[in-house]
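Structure first, commentary second.
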Amino acid sequence: MNQLKFIIPFLFGLIIYRILGFELNFYTIIINFGLAYVLAPKFKIIQKQHGEEEQMKWLFFKKLINKKL
């Protein structure tokens, strides 16, 4: 799941530079990585009675997604 940290900035860069036609400069790079950081899912490992679980939380998704490790 940590691969999303590398894929999301690439996708935003593709959208910003190719589809919208912006030039590559410092400001578009900052916007690209800022959007990627805000919109990327957040992962936490929590300890429960029956073992460890990985929690995933998205910005616009209200439910937490749990996965046993």
Ranking T28, L14, Q47 by how far each Cα lies towards the positive end of the charge dipole of the range 4-68 (+1 on Lys and Arg Cβ, -1 on Asp and Glu Cβ), the top one is Q47
Förster radius 35 Å - calculated FRET efficiency between K68 and Y17, Cβ distance, rounded to 0.05
0.30
Exactly which chymotrypsin sites (Phe, Trp or Tyr not before Pro) in the chain are in a DSSP loop and have at most 13 other Cβ atoms within 10 Å?
W58, F60, F61
Looking only at lysines whose Cα falls under 16 Å of K63's and that sit 8 or more positions away or on another chain, we get K42, K44
Treating only the Cβ atoms of Lys and Arg (+1) and Asp and Glu (-1) as charged, compute the dipole magnitude of the chain about its Cα centre; round to the nearest 20 debye.
340
If each Cα of the range 4-68 is one equal point scatterer, what is log10 of I(q)/I(0) from the Debye formula at q = 0.16, 0.19, 0.20 Å⁻¹?
-0.63, -0.75, -0.79
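None of the figures in this text is laboratory data; all of them are computed from the coordinates on show. The structure presented is a predicted model; accordingly, all values stated were derived computationally and were not measured. Don't worry about glycine lacking a Cβ; one is built from the backbone with ideal geometry, like all the others, and counts go over all protein chains shown.
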